[in-house]
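Have a look at the structure below before the remarks.
Computed from the coordinates by the stated procedures, all read-outs in this text should not be read as laboratory data. Since the model is a prediction, treat every value here as computed from it, not as a measurement. FYI the Cβ positions are ideal-geometry reconstructions off the backbone, even for glycines, and counts take in every protein chain you see.
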Amino acid sequence: MMNAALDLASVEDRIQQRLLARYREMMHKAIDDFVDALAEDLVSEKKMTLMDITQAISKAKPELLAAILQESIQTKHGGILSQDLAECPICKKKIRRSVHAPRTIETVLGPATVTRPYFYCASCKHGFSPADEVLGLSSRKKQHDLQKLGLEFLADLPFERASELFFKSTGLSFSDHQMHDLFAQFAEETTAEAVIPSAAEIERRIDTVKGKGRRRPVLVAATDGAHTPTRPRGEGRDEKWGPGEYKEAKGFRLYLIDDDRIVHIASWHQVGSAEELTEALSLAASRIPQKKVRPCLVGDGAP
Ligand SMILES: [Zn+2]
């Protein structure tokens, strides 16, 4: 018995060792491809500044990261990615795999492809992919990490600026249809009630600012309204906005001015009417302990 258990452990060990060796080999290959992409310029006489080298690395990086992600997924979930049979979640019948379907996804690492088995139950007319569930893939191209990042930008910035910063920080276009849908969904869900911090939280933030001498800190309420395209920009970076609708995005930011810093209190931005803006602003006002601050209202949103 003892020997059988030991053998089993050593078989498991050997499988793990093989998996590890394969993973290492694939990683080395990814690095080799990365080296190949840069090597010629680096060893030639070509003049390169720091910026040129940085750019060359940036240009080759997405492919390297995609390969790393794909191989890591393959190593972690090889079993489910080569699955031939799966149970239909509706009728519980065993279904044979229809295809290995590639899916393009985007994460903070950049674009990548996940090729996973896809199953189709003819009697239920139901298609499904168990791997998507195991991986927690979003049905959108942009995965949860990017959705979260995008929504964080959108929570504090008008759409166009949020989209610019999103592109700069991820190298991915934010303005695809899916992100717009997500934003629309998000905008519907983000009532002022949910977005503006509670009275207790606002007071806590105010208390972190002492103000000059004995004077109460200045509370700035900056409102802004800008015509924001509500349709996506074309795929190319320099393309003009498509012939979409232009609606006014209104919003405000409330912040305190300390000696040398700005303390964010609350912000709200929405494509909506002036009434909605007024409503949100008065909700925020009702949560501010008025005796602790000196209010100041400015019309332009730039701090
Ligand atoms: Zn079925």
At a 10 Å Cβ-Cβ cut-off, how would you order Asp260, Asp207, Asp156, fewest neighbours first? Asp260, Asp207, Asp156
Label-point gap, in nm, between Leu50 and Asp258 - each point 7 angstrom along Cα→Cβ: 3.1
How long are the semi-axes of the equivalent ellipsoid of the range 104-161, defined as square roots of 5 times the Cα gyration tensor eigenvalues? Whole Å, largest first. 31, 13, 9
Simple spin-label estimate for Asp145/Gln290, 7 Å along Cα→Cβ, in nm, reads 4.8
At 7 Å along the Cα-to-beta-carbon direction for both Glu275 and Val134, put a label point, then send me their distance in nm to one decimal. 5.4
Could you state the orientation-averaged shadow area of the convex hull built on the Cα atoms of the range 43-137, in nm² to one decimal? 8.1
